[in-house]
Amino acid sequence: MLSENPSSHRTTISSPRRRRGTRLYVQIFLLLLPFTLFWDVALATRGRLNLSAFAAAAIFFVLNGASLLFLFLFIANLRKESRTRRDATTCRNPRRTLLSYLPIAAVELLYGILSLFSIDRLALYDGAMCYSALLRSLDTFIYTPFSFMTSFNLETHPMQGSMLFVAVGEMLFPRECIGVNLVILLLSMLAVFLLSEIFRRLMPDAPSFVHAAGAGLFAFSPWVLGLTGYLNPDYLVILFFIFMMYCYLRDLPILTAFTAILVCFSKETGFIYVIAFLGMAEAYYAVARKMREPSRSIFSFPHWRRVLPAVSAPLLVLLYYKTWGTLGFAVEVTHQSPLRWNSKGFHCFGISLQYIGMRLYQFLFANGSSIAILLLFLAAITYLLFSRQRHALGHRSEDAAASPITPFEVRLEGQSASAGLIASGLSFLVFSCLFITNPCPRYAVGIVPLLAYIILRSLFSVTRNKRHLGVALSVILCLNLAQNYVTIDPFILLRMPSLNLGYQQIYSPTGYEYTSVLECVGDYYTYNSSYYYSQDLVDQALTKIDLQKDDTVVFLNLDWYELFFVDHNANQYEPIYWDPDLHCRTYSPDGENRFVPRSILVGEQQMADPTLADLPDNFYFFLTARESEDRVLAFTKAGYQVTSSFTTSNFWGYIRVYHMEKTQ
């Protein structure tokens, strides 16, 4: 009889316990980390406000001490665990493991570089409304739970979860959008990496470059990269949803629950993702296990330890609305419940074929989404054509052939998560079609992870040749990258209304049904970086004319939205200041020479008789590329003359500027 090695026996018993301890410590540390950072930054930048010195110091030491304690425990356990792994004979090749992460490293590097070019973008349109609400919330926030819940209810959206991170950037760089943009960029880069890891588990037989390409399809989507700098709550929902999926797949119940709360408290639609994903993933898993083990009860299969804590997120949202909130922006606009059914109403549920068609177009066809739908049909046709042939030849499917490589439990976990991802994306699509609201294209970011997965799964079902996969994914990624800066999508070019920017057209993926709100560039034109065309042009113009406090800028046939001159009359937005020293616009008044530019909007009726506009004797007339230079004649007939003029231009278009002075 062989003698038993006591040391190896202790290793086999203690290793699972040590791994459980490591996972517990890292979860608690990551749970405490955002609260600790928020508190430390708030205390450093805003002071202790309503708290006594003792209370502020106590909270500081408790949060930081607990975070450091669990970080130390995690590192200590991890070192012991790593030594155990080095002693194991089944240790993976570290060089091969490192090489497998090179594709996602390349994706992260390119995404980070491209995003940095937009890191200092000014918040515009609805993004500016959300940013202005953030500024006001930080002005009113004090260190109480009630204040946190009420202050960060931005534009009636529950955004307490995402503001736990985003507000840190704002406090570090007050009233400078770069802080918020930087935090969102860091969250985005983390989400891109985690999404590649998710695809690694959903498609364990695919090579690593396929997983990285899937993450790239998300990162380089025009709804993501093209809208960098646009503070979009729907995008924050998707980021935290990716975090939740990863924690679920890694069996991290504490973090799964925490990230589910972050999803629900980034916008009320997060409720849909959490319920649909967890419900479908667990239902699929339980049914599949029941078919394999029919003697056991179906209720014994779900991951109750993983799911039950996460279910607290939707319950907390319901409690929040019962206690503090209202059901979103709809109540404030219509003064009616958004839960009503009215197919001809607004901010309510209903069936409007025109609205449904517009939403299906935005989600499934515009901005390269049609590639996923096309590949899905191609995969279905390929399956129908060749499945009978394979069955007749007695060949096992490639999935079945690969099953010995990947354990059943691991494969089933990936399949159940795939079902959850599909259910969450489709649930949000159905909700978006039935809830009649503003036709903003940016909501389509809600199914970008699902479309990326459809592309990967469809291509992988058609061919498993690495060269073919590499070429196909490279072409799709290049098309996505190009669409971020130049509109090349035929579904947008052939059908959508547009405005002339000078060198390019900008389109509105809303359809001609909404022409009454498409007269100037705004939220309905935000589908890639083209929407930002005018901001650089305006900064160039204001720099060249050396704008002073007493100067006036006049616009024709567009409201302040397109060129985004926000003054004190725009009550939903914080005023935007011009900094003549840095030659930029900013929300921050801090600066010796900063001031709010004066502007006047002139319409067609006033152009017929400019004296009706009550214009000053001296002003600068900004004329967009789509307007004729003949417009200047109206001012000359009213007694003005052009003393100077110039044109500012960039990649997308140009703006002409005329200095007008009254002669009589």
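The values are calculated or read from the model by the stated rules, or taken from the named source; none is laboratory data. This one's a predicted model, so the numbers in the text were calculated from it and none came from an experiment. Ideal geometry is used to build each Cβ from the backbone, glycine not excepted, and the neighbour counts take in all protein chains shown. Note: accessible area is taken over every heavy atom of the protein model, side chains too, but ligands, DNA and RNA are not part of it. Shrake-Rupley method; radii C 1.70, N 1.55, O 1.52, S 1.80 Å.
Scanning region 442-485 for residues that are over 28 Å from F240 (Cβ atoms) and either free of Cβ contacts under 8 Å to residues at least 12 places away in the same chain or among the polar types (S, T, N, Q) (or both) turns up S461, T463, N465, R467, H468, V471, S474, V475, C478, A482.
Being of a type in the set (V, I, T) and within 17 Å of the chain's Cα centre (by Cα) narrows it down to one residue among I142, I113, I184; which is it?
Working: I142 fails: within 17 Å of the chain's Cα centre (by Cα); I113 fails: within 17 Å of the chain's Cα centre (by Cα).
Of the residues listed, the single one that is of a type in the set (V, I, T) and within 17 Å of the chain's Cα centre (by Cα) is I184.
Which count do you get for residues in region 517-542 that are part of a helix (DSSP H, G or I) and out of contact with any Ser or Thr (no Cβ under 9 Å at 6 or more places or on another chain)? Looking only at that region, the number is 5.
When P580 is tested against (1) open to solvent by 10 Å² or more (accessible area, probe 1.4 Å); (2) touching a residue at least 40 places away in the same chain (Cβ under 8 Å); (3) in contact with a helix residue (DSSP H, G or I) (Cβ under 9 Å, 6 or more places away or on another chain), just one condition goes unmet, and that condition is (2).
Across region 363-396, which residue is surrounded by the fewest Cβ atoms within 10 Å (Cβ to Cβ) among those that are of a type in the set (V, I, T) and modelled with pLDDT of 90 or more? Selected residue: I381. Annotation note: Cβ proximity below 9 Å between a residue of region 96-109 that is touching a residue at least 40 places away in the same chain (Cβ under 8 Å) and a residue that is not in a helix (DSSP H, G or I) (sequence gap 6+ or interchain) occurs for S100/P207; P103/P207; V107/F220.
Among the numbered conditions (1) open to solvent by less than 10 Å² (accessible area, probe 1.4 Å); (2) at pLDDT 95 or above; (3) in a helix (DSSP H, G or I), the only one that A276 does not meet is (1). Of the residues examined, L195 is not one that is closer than 30 Å to R48 by Cα and either assigned to a helix (DSSP H, G or I) or open to solvent by less than 10 Å² (accessible area, probe 1.4 Å) (or both).
S208 falls short on exactly one of the conditions (1) modelled with pLDDT of 95 or more; (2) surrounded by fewer than 24 Cβ atoms within 10 Å (Cβ to Cβ), and that condition is (1). Taken over region 123-142, the criterion of being assigned to a loop (DSSP other than H, G, I, E, B) and open to solvent by 20 Å² or more (accessible area, probe 1.4 Å) is satisfied by I142 alone.
Look at (1) among the hydrophobic types (A, V, I, L, M, F, W, C); (2) at pLDDT below 90; (3) within 25 Å of N181 (Cα to Cα); (4) buried (at least 20 other Cβ atoms within 10 Å of the Cβ) and you find that W560 fails only one, number (4). Is it the case that I476 is out of contact with any Phe, Trp or Tyr (no Cβ under 8 Å at 6 or more places or on another chain) and at pLDDT 95 or above? The answer is yes for I476. For I184, the test of being open to solvent by 10 Å² or more (accessible area, probe 1.4 Å), touching a residue at least 24 places away in the same chain (Cβ under 8 Å) and β-branched (V, I, T) is passed.
List the strands (runs of 3 or more DSSP E) inside region 584-664, counting only whole elements, that have at least 3 residues being at pLDDT 85 or above and over 22 Å from C520 (Cβ atoms). Show your work before the answer.
Details: elements: 584-586, 598-602, 618-624, 640-649, 654-662.
Fully inside region 584-664 and qualifying: 640-649, 654-662.
If you go through region 159-181 and pick out every residue that is open to solvent by 20 Å² or more (accessible area, probe 1.4 Å), assigned to a loop (DSSP other than H, G, I, E, B) and in contact (Cβ under 8 Å) with a residue 24 or more places away in the chain, you end up with 3.
Here is a yes/no grid of residues against (1) more than 17 Å from A372 (Cβ to Cβ); (2) modelled with pLDDT under 95; (3) of a type in the set (A, V, I, L, M, F, W, C); (4) surrounded by fewer than 23 Cβ atoms within 10 Å (Cβ to Cβ):
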residue	(1), (2), (3), (4)
A213	no, no, yes, no
L217	no, no, yes, no
P222	no, no, no, no
I238	no, no, yes, no
M244	yes, no, yes, no
P253	yes, yes, no, yes
F258	yes, no, yes, no
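Going by the conditions given, is T648 open to solvent by 20 Å² or more (accessible area, probe 1.4 Å), out of contact with any Pro (no Cβ under 8 Å at 6 or more places or on another chain) and of a type outside the set (D, E, K, R)? Give the derivation first.
Working: open to solvent by 20 Å² or more (accessible area, probe 1.4 Å): no; out of contact with any Pro (no Cβ under 8 Å at 6 or more places or on another chain): yes; of a type outside the set (D, E, K, R): yes.
When the stated conditions are applied, T648 does not pass them.
Looking across region 463-479, the residues that are surrounded by 14 or more Cβ atoms within 10 Å (Cβ to Cβ) and within 16 Å of P103 (Cβ to Cβ) come down to L469, G470, A472, L473, I476, L477. Is there a residue being at pLDDT 90 or above, open to solvent by less than 20 Å² (accessible area, probe 1.4 Å), in a helix (DSSP H, G or I) and acidic (D, E) anywhere in region 104-113? No. Listed by first and then second residue, the pairs linking a residue in region 205-218 that is polar (S, T, N, Q) to a residue that is in a helix (DSSP H, G or I), with Cβ atoms under 9 Å apart and 6 or more places separating them unless they lie on different chains, are S208/L99; S208/S100; S208/L102; S208/P103; S208/I104; S208/S196; S208/R200.
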